[in-house]
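For reference, the structure is listed below as structure tokens.
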Amino acid sequence: MARIFPSLPDKPDHDALERELLEVWEREGTFEKLRTLNRGGPRFSFVDGPVTANKALAVHTAWGRTLKDVFQRYKALRGFEQRYQNGFDCQGLWIEVGVERELGLNSKREIEEYGLAEFARRCREKVIWSATELTKGSRRLGQWMDWGADYFTFSDTNIEYIWRFLKLMHERGFLYKGHRSTEWCPRCGTSISQHELSQAGVYQDKTDPSLFVRLPLEDRAGESLVVWTTTPWTLPANVAAAVRPDAEYGRRENGEWVAVARYPDERFVQRVEGSELVGLRYRAPFADLAPAAEVEHRVIPWDEVSLEEGSGIVHIAPGAGQEDFELGRLHDLPVLSPVDESGRFYDAYGWLHGLSTTEAADQIVGWLAEKGVLLEAGTYLHRYPHCWRCDTPLIWRVTDDWMISVDELRQPLLDANATVEWTPEYMGKRMDDWLRNMGDWNISRRRYYGLPLPIYECGSGHVTVIGSRAELEELALSGLEQLEELRRPWIDEVPIRCPACGETVRRIPEVGDVWLDAGIVPFSTLGWESPERVPQGYATGAARGLTTADLPDHAYWEEWFPADWVSEMREQIRLWFYSQLFMSVALVGRAPFRKVLGYEKMLDEQGREMHGSWGNMIDAQDAFTRMGADVIRWQCASQPSDRNMKFGFGPAHEIQRWLLTLWHSAKFLVDYASLESWQPASADLAGGPDGDLQPLDRWLLERTHGLVAEAEASYESWSSPGVVRAYESFVDDVSNWYIRRSRRRFWDGDETAFRVLWYALVQGLRVVSPLMPFLTDHLWRVLTAPVDAAAESVHLSGWPEVPAIDSALLDEVAELRRVVELGRQARSSAGVKLRQPLRALVVAGAPLAEGHAGEIAEELRVKDVTFGDVEASELRVKPNLRVLGPKLGAELSKVRAALESGAFEELAGGSFRAAGHELRPDEVLVERQGKEGWSVAASDGLTVALDLHLDDELEREGRVYELVHAVNTMRKEAGLELSDRIGLTIPERDADLLEHEEWIARETLAVSVEAAGAELRFEQR
Ligand SMILES: [Zn+2]
Ligand SMILES: [Zn+2]
């Protein structure tokens, strides 16, 4: 007999199957065909957030890549024309610090000695390596992108777009050089901006010294102020001490002043309001070091002084703290900057010179003790910011940074954000909060491998911002011939003529914040204001030879901007989502995206962060081999995006097991269809089977249509978990209801059953193909092999068109299945095997299932099913705390007591009344004890009672079922085909079962049954 369907093994080898499909897709050009198919369709504009190109694919990027691919594939099934451009982020500290480590460099001086040109080339090589790896990994994951036509943010094209933006900011008066206190990484030697601090891992627990230091008052002999600090290195920069003017301060017997609120149990010899201390002069701890010697140290007022910790008097060092700096401005305090770019004390600080802030701490403690001004030295554990890139604890320095003012943009930014639909919603609120509270954008970094800020400041203070390469060439005085890329060091060798005074000016040495690189993407990759399409226009500068991406023209930008949808992790609210929004509002006055899907973090199975050093990191290659890409994707897709994901081999194993249900359903169809030479018809693909349908067939068709509708609603609301839930329950219905209830029909070659099952399976595959592109395509290809008209790949098959659903039928069967489920529970809690037939079942509270008594009887193997009241000897009702707690609040205890004491009334439909409250079925947990000899199970208002009494007839039938099971197990073990016939001999002692000879013969495909000897045996006939 010729096979119509290719055969399926007992279980899928995900890794092998997926690698094979990757080749098939490549060979057949499936992705290209899909794009051709959708060309001219409605547009769905997706813009990819660039991934930092400094690593190979890590498993935690799988979540984001899966979501992007899922929704792009869904939109493709719906016929949308789309953009599939992947992006790589190629500049900034991520890249630099990685290369520094590889080269063994550990300071800016060492980078400069190594040579900036060579350093830049090494950085570029790192990016190329990473881009290759990331591409390989993403393809293996099944992500369909226009690989090879990626955008690289280090291309000159991208850089010129940012230049243009900065020039516009300058023209509008938003760009300025700020003199301020900023978080600073002493290892990287650069300031860190506010939004960079919002990245994961920046705030870590850190133990610091906790010092209480006495500052003797100059004008009052024997009296002193007590201040508290956790950063001893800032004491040499002290210029003032702040008190809260309206708080009470007390003087101890020994002359020390502290806030009374901090020491409520102490006795004070004098009490005054803080305002009375203001203006007093004190002697600073390091007054004898040159920088502090000139300063008059005074007490100042500050409403923000905390009475929650410390002494209630705060030491103020405007050169080493942000709030201090602002306060210093207000009171016109001198600013002492104690440490240089690398966090080491300047020479002016005498014996401290050259020490780092941490090295200095110990020395300072010793010195204070020696001077007799150290009251108390302990340790203090707090959350402290660290460099997001190199993990060094940050310090505060006063520097000149280039800033973009947000004042005038804040409201337009808020307005633009209000037009964006955020999923989950709270992320939009977070963006809103951020926009309300953020400060000016610090765009300059004192580093090397980054966007060269095109700012030229001449000796007379004229600031020129260059907006393009053409402008640079026009003003350049020399150096153009060596300009390899718009990048340090080459760009620094191109001085210009100041257009205002003619002076020769060099570029400022700073590079740009990397978020400028990514934020410009909706303009630079879509061709905003580009007069014409430039073939391979993105392969410029460092990106030469790396991509085939064109620079489109402005008409294209008009078509594709703003993005319909973007998706990245929550952290990106203050990073990419923010920088895009900022640049877009500044350039064109509106948001660059309409909808956002954000997601939380991927953790390990136990819920811990994944870290290389903790040994809980999952290698992507390992995951592909052991789980398979489909299973990784399914794990990601089932995760609600508003919660952290616990990812691992455990959950993967569960998914693999569940997938076997789908696999076996398909295999069941294939095996039986081949046996019966049944062939699917192409017409069924579109309209579904018609003709002589049984109720169960009609139900599965409705169920299939319901799946399509449910999945569609979930996709449209960006909920992949909704699609997962719908499909998992669908597969359960197919396998554990339709197939189970129809086995006999397949056995008998019932054409309709084949058609219905086939239709359900292939439509289901189309629906979940975006989530699980490999397995679904494999099964599609197997199941549609005999159908010439079927698309060659599920991904080219489009979205199923289905009629409106008849929900009455679906509700009926859903209730029927609940009855069966409860019946099984009642059996298993009584310890009665399903193979043992029973006499009777009583069902209460399932009116929809009443027409299905026969099916219930068959499923639960009972002779008689009746609908009516269940008599139970005891009924116990408990509150469902999860639901009732929030609803009832304080009333809960009354209700609980009433239920406990049995003071409740049972209402129709599974509700109860207790203590004056009506409790719905889902608000209570009901336990029923059956009458003697009955087993009862109940849930949500539905109750079943199973008669456990056995008579001889029932017992004998139970033994027949056991026998049939044993024979069929032996058949399987002996390797018999489904259609092979046997001659069966049952043991002499079971001779009484011959009463059911026909039944036994039918179920075991026996041509004869006889009783002889002591053993069960058979021979093939
Ligand atoms: Zn750093
Ligand atoms: Zn000038």
Item to check | Residue satisfying condition, being of a type outside the set (F, W, Y) and without any contact (Cβ under 8 Å) to a residue 60 or more places away in the chain, within set G459, G450, G467 | outcome: G459
Next on the checklist: Exactly one condition in (1) under 30 Å from R743 (Cα atoms); (2) without any contact (Cβ under 8 Å) to a residue 24 or more places away in the chain is false for R839; which is it?
Outcome noted: (2)
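For every residue, the table says whether it meets (1) modelled with pLDDT of 95 or more; (2) not acidic (D, E).
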position	(1), (2)
Q621	no, yes
A637	yes, yes
D642	no, no
W658	yes, yes
L662	yes, yes
S665	yes, yes
P680	no, yes
G691	no, yes
Checklist outcome for this item: Restricting attention to region 343-359, the residues that are touching a residue at least 12 places away in the same chain (Cβ under 8 Å) and among the charged types (D, E, K, R) number exactly 1
Checklist entry - Does P522 satisfy the condition of being within 16 Å of ligand 2 (Cβ to nearest atom) and either surrounded by 21 or more Cβ atoms within 10 Å (Cβ to Cβ) or in a loop (DSSP other than H, G, I, E, B) (or both)? => result no
Checklist entry - Quick check: anything in region 425-441 among the small types (G, A, S), open to solvent by 20 Å² or more (accessible area, probe 1.4 Å), closer than 30 Å to A361 by Cβ and modelled with pLDDT under 95? => result yes
Checklist entry - Within the group A629, A673, which residue is crowded, with 18+ Cβ neighbours inside 10 Å and in contact with a Lys or Arg (Cβ under 7 Å, 6 or more places away or on another chain)? => result A629
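This table checks each residue for (1) under 30 Å from I4 (Cα atoms); (2) at pLDDT 95 or above.
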{"position": "P770", "(1), (2)": "yes, yes"}
{"position": "A785", "(1), (2)": "yes, no"}
{"position": "A814", "(1), (2)": "no, no"}
{"position": "A826", "(1), (2)": "no, no"}
Next on the checklist: Condition check: surrounded by fewer than 19 Cβ atoms within 10 Å (Cβ to Cβ), in contact with a Ser or Thr (Cβ under 7 Å, 6 or more places away or on another chain) and under 28 Å from Y346 (Cα atoms). Does T392 satisfy that?
Outcome noted: no
Checklist entry - Just a yes or no: is a residue in region 510-518 within 16 Å of ligand 1 (Cβ to nearest atom), out of contact with any Ser or Thr (no Cβ under 6 Å at 6 or more places or on another chain) and either in a strand (DSSP E or B) or open to solvent by 30 Å² or more (accessible area, probe 1.4 Å) (or both)? => result yes
Checklist entry - Taking region 69-110, which residues are away from ligand 1 (no atom under 16 Å from the Cβ), under 18 Å from G49 (Cα atoms) and in a helix (DSSP H, G or I)? => result D69, V70, F71, Q72, R73
Checklist entry - Got at least one residue in region 668-679 being acidic (D, E) and assigned to a helix (DSSP H, G or I)? => result yes
Checklist outcome for this item: Of all strands (runs of 3 or more DSSP E) fully inside region 268-382, the set with 3 or more residues that are more than 18 Å from P232 (Cα to Cα) and in contact with a Phe, Trp or Tyr (Cβ under 8 Å, 6 or more places away or on another chain) is 270-273
Checklist outcome for this item: H554 fails exactly one of (1) open to solvent by 10 Å² or more (accessible area, probe 1.4 Å); (2) over 19 Å from N158 (Cβ atoms), namely (2)
Next on the checklist: I'd like to know if region 125-141 contains one or more residues that are open to solvent by 20 Å² or more (accessible area, probe 1.4 Å), closer than 23 Å to W184 by Cα and assigned to a helix (DSSP H, G or I).
Outcome noted: no
Checklist entry - Among the candidates S478, S460, S530, S468, which residue alone is open to solvent by 20 Å² or more (accessible area, probe 1.4 Å) and under 39 Å from the mean Cα position of the chain (by Cα)? => result S468
Checklist entry - Of the residues in region 455-481, how many are more than 16 Å from ligand 2 (Cβ to nearest atom) and closer than 23 Å to F582 by Cβ? => result 2
Next on the checklist: What pairs come out if I take residues in region 970-982 that are in contact (Cβ under 8 Å) with a residue 40 or more places away in the chain and pair them with residues that are open to solvent by 60 Å² or more (accessible area, probe 1.4 Å) and β-branched (V, I, T) whose C-beta lies under 7 Å away, six or more apart or interchain?
Outcome noted: R981/V1007
Item to check | Filter result for G250 (under 30 Å from F582 (Cα atoms) and either more than 16 Å from ligand 2 (Cβ to nearest atom) or among the aromatic types (F, W, Y) (or both)) | outcome: no
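Residue-wise test of (1) within 16 Å of ligand 1 (Cβ to nearest atom); (2) free of Cβ contacts under 8 Å to residues at least 40 places away in the same chain; (3) over 30 Å from P640 (Cα atoms); (4) open to solvent by less than 20 Å² (accessible area, probe 1.4 Å).
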{"position": "A361", "(1), (2), (3), (4)": "no, no, yes, yes"}
{"position": "G366", "(1), (2), (3), (4)": "no, yes, yes, no"}
{"position": "P385", "(1), (2), (3), (4)": "yes, no, no, yes"}
{"position": "W396", "(1), (2), (3), (4)": "yes, no, yes, no"}
{"position": "I404", "(1), (2), (3), (4)": "no, no, yes, yes"}
Checklist entry - Does region 174-187 contain any residue that is within 16 Å of ligand 2 (Cβ to nearest atom), open to solvent by 20 Å² or more (accessible area, probe 1.4 Å) and not acidic (D, E)? => result yes
Checklist outcome for this item: Of the residues in region 482-501, those that are within 16 Å of ligand 2 (Cβ to nearest atom) and open to solvent by 40 Å² or more (accessible area, probe 1.4 Å) number 4
Checklist entry - Within region 56-74, restricting attention to residues that are open to solvent by 10 Å² or more (accessible area, probe 1.4 Å) and hydrophobic (A, V, I, L, M, F, W, C), which residue is nearest to R35 (Cα to Cα)? => result L57
Next on the checklist: Any residue that is open to solvent by 10 Å² or more (accessible area, probe 1.4 Å), among the small types (G, A, S) and free of Cβ contacts under 8 Å to residues at least 24 places away in the same chain - is there at least one of those in region 14-34?
Outcome noted: yes
Next on the checklist: I'd like to know if region 181-188 contains one or more residues that are away from ligand 1 (no atom under 16 Å from the Cβ) and at pLDDT below 95.
Outcome noted: yes
Checklist entry - Which numbered condition trips up G148, out of (1) open to solvent by less than 50 Å² (accessible area, probe 1.4 Å); (2) at pLDDT 95 or above; (3) closer than 22 Å to Y448 by Cα? => result (3)
Checklist entry - strands (runs of 3 or more DSSP E) wholly in region 221-267 with at least 2 residues that are among the hydrophobic types (A, V, I, L, M, F, W, C) and within 45 Å of the chain's Cα centre (by Cα) - which ones? => result 224-229
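The values are calculated or read from the model by the stated rules, or taken from the named source; none is laboratory data. As the structure is a computational prediction, the values presented were derived from the model and not from experiment. Quick reminder, even Gly has a Cβ in these numbers, built from the backbone with ideal geometry, and neighbours come from all protein chains shown. Calculation scope for accessible area: heavy atoms of the full protein, side chains included, ligands and nucleic acids excluded. Shrake-Rupley method; radii C 1.70, N 1.55, O 1.52, S 1.80 Å.
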